[in-house]
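A short worksheet on the structure shown next.
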Amino acid sequence: MATQGSQFDFAPGFENTRLRIAWYAFISLLLAGGAYATYLRLTQGMASTNLTSIVPWGAWVAFYIYFVGLSAGAFLVSTLANVFEIGEMHRIDRDALFAAIISMAVALLFVWIDLGRMDRMYFPFIWRQLTSALSWEVHAYVAYIGILVTELYFSMRIDLARLANRLDGVRGKLYGLLALGRLDTGDPSQAFDQRWLKRVGIVGIPLAIFMVHGGTGVLFAVSKARPYWNSGLFPVIFIISALLSGTALVMVLYVLRTRLFDGESVDLDLLEQLAQLLMGFIIIDAALTAVEALIAFSSVHPHEVDTWLVVMFGEMSWSFWWFMIGFSWVFPMVMLTRRSWRRTPWVMVVAGLTAVIGIVAVRFNIVIPAQIIPVMEGLPHGSYFPTPVEWGTSIGIVGVGLLLYTVGAEVLPLTPFSEGDHE
Amino acid sequence: MSSSDDDTLPGIPNVGKADLDTMVENERPDPREELADVEADTDLGVAMAEDAQRVARGELSGDDYWDRYDEAAADEFGEAYHETPNPAVDAGDQTISTETAESLSCAVGSMDTVSTEPAQVEGDDSGNGIGTGDQKWGMVIDLQKCVGCDSCTVACKSENRTPPGVSYNVVMEEEHGEFPNVTRTNVPRPCMQCDNPPCVQVCPVSATYKMDDGVVNIDYDRCIGCRYCIIACPYGARYFDFGENYDDEVDEAGELTSPEYGVDRGTREDGKSPIGNVRKCSFCTHRLERGEEPACVETCIGDARNMGDLDDPDSEVAQMADSSRAFQLKEAEGTDPNVYYLK
Ligand code: SF4
Ligand code: SF4
């Protein structure tokens, strides 16, 4: 790729056709299962879940905050290139932005399927409540998606224009359309893009940190009725674990797309930079979580202590020890310790994937345990494990995300044409 | 068993039946005196009453009775009579033939249909809808009087026709101390109708809000079912309606619904609110508007529950809520409930 010769060829998709077929077959399986589960969800209503009035929020909410976090994390990684102008990071900023957009779409699908009245999903734009964090969040998400799309546009516009100029027929038209007709590839137009990329990114950073993901943390933290969430540190941990998962995701995508789609070799310096970033976030995340737990235990507040005991020793404590501690902190940390491993692409893919999966457990361990201990002594205890319908729909929604990402990666110039465009 | 007046059963005081009948007769007001106080024709009233007794004894048929009096009553009461349901016309067990029923000049349907009409349409003073009263409804529950029988929970379920898994009221039972010094407290828990309700604070679409009379309303037509309010309520007072029914236990369980918050929603059907919404105790707003107490208050066998206007310093509830025995649940939350307890 990235050829500038007369026989211009642009094929950003899979290098290996067999792999492509296998991958789409896999996604189709996810989608088929998801479609059936969604059918059951729609016909049986919320009774198809294991949710109750005691545990009203379950897997869908956990996945929703997970993907919001993934998106915020990936976006913040993209700003390393677009706002802070760390040169090598430019290679991955479109990957990060595109993944952030898809993650938000997936997150909103989870919010939607979770509503008791799915047909009323547009109501929050008609009626509002100034004191409701959720009301604010819905609007912040829309603004944030707007920022992401704008960012991706300015980051990619120049290459879209190049494609539109060089390709004929439908494809050329398509890229021209995506470039919104701005087909100028000269330096001034590029400088214009860079300027706006930075400006919009600067607006996006506080939006992503405080409104989108911090705000999602606030959603929980304002619940005075649930002391486990009701802490000032809570939204901060939310953001750090978002950065953790976002960095891990971008690292995985970078390696996989470079190898499988572009057929190029991985830039090991860039890989190591991402790996170091990930290491830093793991340390901060683990430390802050430990502080949070310490504060909880030393408060001796019965509700808070009991909730932590549920997390650590309850029915689902395996998800805490194996996935939260193991997958998101310990396993990737071990793989990140040696410099030679940090420079080995496949090790970093595994490390990144474990972190990406581990943070799912972090989100489950945020949402569910606080609902297990009753809000008042004398009320029944909760217990919850998702039904097959909840798992199935979740897998299907993730499948939609994978499909959107793959199609996008096969069509869009996510890898910049020539190095140094940004400088 | 023979029914002679002189039969004595061990342990049962001997009260002659004849004596009882005399007592009733003495208590009975004189019909003419009573009717003299009202504008309507006394003779007609007495005649109708006497014939009604004959109908009861089976000496006269219902049809004959109404043939005899329909016209006279219509003349006497005019418009009011035309609008009044006829007690003899009823869906299931009507006591007159259909022909007679149809010929009556007071044909607004059975008593049944009128009594289940929503409170909202009652009276002509529309404009001030549900919850606009200037009182502040409050409940005081005397824990010394509560015996933990759960009658309130049952009365609430049948009044509000709540589905399985939804129970606006529960009685929390707490045991304290160690054997042999154990005490047990029963704490009934309706919705507290908090003055600073966290549920209202978090609702993204303002579907739940506080009404002028202090009751926290849920607009089932607006609620999107996000369940954030369940998360926020410190009293566990909110329930999600998963759409389950008592169909296995009761035939046509969903036929009747309660006109909660003054809105009649007809039969319970899939995909129709309040299924997919969050529900909670409304202090039986629909009953309050009719001047009735909430079902739990009315049914309480120990008279532990009291309902009234907290803004009226002379009201019983205001005085009880002011007493040194009074407290609220989770006072530290700052929710300031309008349900008080007496320890
Ligand atoms: S008790 Fe709960 S549901 Fe009722 S008003 Fe208070 S916060 Fe809202
Ligand atoms: S479930 Fe309904 S009433 Fe409760 S917060 Fe959501 S929209 Fe509001």
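The values are calculated or read from the model by the stated rules, or taken from the named source; none is laboratory data. This is a predicted model, so every value here is computed, not measured. Here the Cβ positions follow ideal geometry from the backbone for every residue, glycine too, while neighbour counts run over all protein chains shown.
A few comments on the model shown:
- Count of segment B:179-224 residues which are in a strand (DSSP E or B), near ligand 2 (Cβ under 8 Å from one of its atoms) and either on the phi > 0 side of the Ramachandran plot or facing chain A (nearest Cβ under 10 Å) (or both): 1
- When B:196, B:181 are checked against the criterion of being over 26 Å from the mean Cα position of the chain (by Cα) and away from ligand 1 (no atom under 15 Å from the Cβ), a single residue qualifies: B:181.
- Restricting attention to segment B:4-23 and to residues that are in a loop (DSSP other than H, G, I, E, B) and among the β-branched types (Val, Ile, Thr), the residue that is modelled with the highest pLDDT turns out to be B:15.
- Test: residue in segment A:89-97 that is modelled with pLDDT under 95 and closer than 17 Å to residue A:400 by Cα: no
- Condition met for residue B:265 (among the basic types (Lys, Arg), in a helix (DSSP H, G or I), within 22 Å of residue B:130 (Cα to Cα) and away from chain A (no Cβ under 14 Å)): no
- Scanning segment B:227-264 for residues that are touching a Ser or Thr at 6+ places or on another chain (Cβ under 8 Å) and within 11 Å of ligand 2 (Cβ to nearest atom) yields B:228, B:229, B:230, B:231, B:232, B:238, B:239, B:240.
- Segment B:165-178: number of residues that are more than 9 Å from every other protein chain (Cβ to nearest Cβ) and within 13 Å of ligand 1 (Cβ to nearest atom): 2
- Out of A:77, A:61, one residue alone is within 11 Å of another protein chain (Cβ to nearest Cβ), buried (at least 24 other Cβ atoms within 10 Å of the Cβ) and assigned to a helix (DSSP H, G or I). It is A:61.
- Residues of segment A:124-176 satisfying the condition of being within 14 Å of chain B (Cβ to nearest Cβ), without any contact (Cβ under 8 Å) to a residue 24 or more places away in the chain and in a helix (DSSP H, G or I): A:124, A:125, A:135, A:138, A:139, A:142
- Taking the conditions (1) under 26 Å from residue A:68 (Cβ atoms); (2) touching a Gly at 6+ places or on another chain (Cβ under 7 Å); (3) surrounded by fewer than 20 Cβ atoms within 10 Å (Cβ to Cβ) in turn, residue A:371 satisfies each one other than (3).
- Inter-residue pairs, beta-carbon under 9 Å, first on the phi < 0 side of the Ramachandran plot and in segment B:50-67, second in a helix (DSSP H, G or I) and among the basic types (Lys, Arg), 6+ apart: B:51/B:68; B:60/B:54; B:60/B:68; B:65/B:54
- Tally, over segment B:225-250, of residues that are over 27 Å from residue B:136 (Cβ atoms), in contact with a strand residue (DSSP E or B) (Cβ under 8 Å, 6 or more places away or on another chain) and either more than 8 Å from chain A (Cβ to nearest Cβ) or within 15 Å of ligand 1 (Cβ to nearest atom) (or both): 3
- Unique residue being within 14 Å of chain A (Cβ to nearest Cβ), buried (at least 20 other Cβ atoms within 10 Å of the Cβ) and among the aliphatic types (A, V, I, L, M) when the list is B:339, B:317: B:339
- Boolean, residue B:300 is crowded, with 18+ Cβ neighbours inside 10 Å, within 24 Å of the chain's Cα centre (by Cα) and either away from ligand 2 (no atom under 16 Å from the Cβ) or more than 14 Å from every other protein chain (Cβ to nearest Cβ) (or both): yes
- Test: residue in segment A:202-224 that is free of Cβ contacts under 8 Å to residues at least 24 places away in the same chain, surrounded by 18 or more Cβ atoms within 10 Å (Cβ to Cβ) and among the hydrophobic types (A, V, I, L, M, F, W, C): yes
Rundown of residues vs (1) in contact with a strand residue (DSSP E or B) (Cβ under 6 Å, 6 or more places away or on another chain); (2) more than 29 Å from residue B:249 (Cα to Cα); (3) among the polar types (S, T, N, Q); (4) in contact (Cβ under 8 Å) with a residue 60 or more places away in the chain, yes/no style:
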site	(1), (2), (3), (4)
B:148	yes, no, no, no
B:164	no, no, no, yes
B:168	no, no, no, yes
B:172	yes, no, no, no
B:177	yes, yes, no, no
B:186	yes, no, yes, no
B:203	no, yes, no, no
B:214	yes, yes, no, yes
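- Every residue from segment A:143-164 that is under 18 Å from residue A:209 (Cβ atoms) and of a type in the set (A, V, I, L, M): A:143, A:145, A:147, A:148
- Meets criteria (within 16 Å of ligand 1 (Cβ to nearest atom), assigned by TED's automatic domain parsing to the domain that holds residue B:136 and either closer than 25 Å to residue B:172 by Cβ or modelled with pLDDT of 95 or more (or both)) for residue B:277: yes
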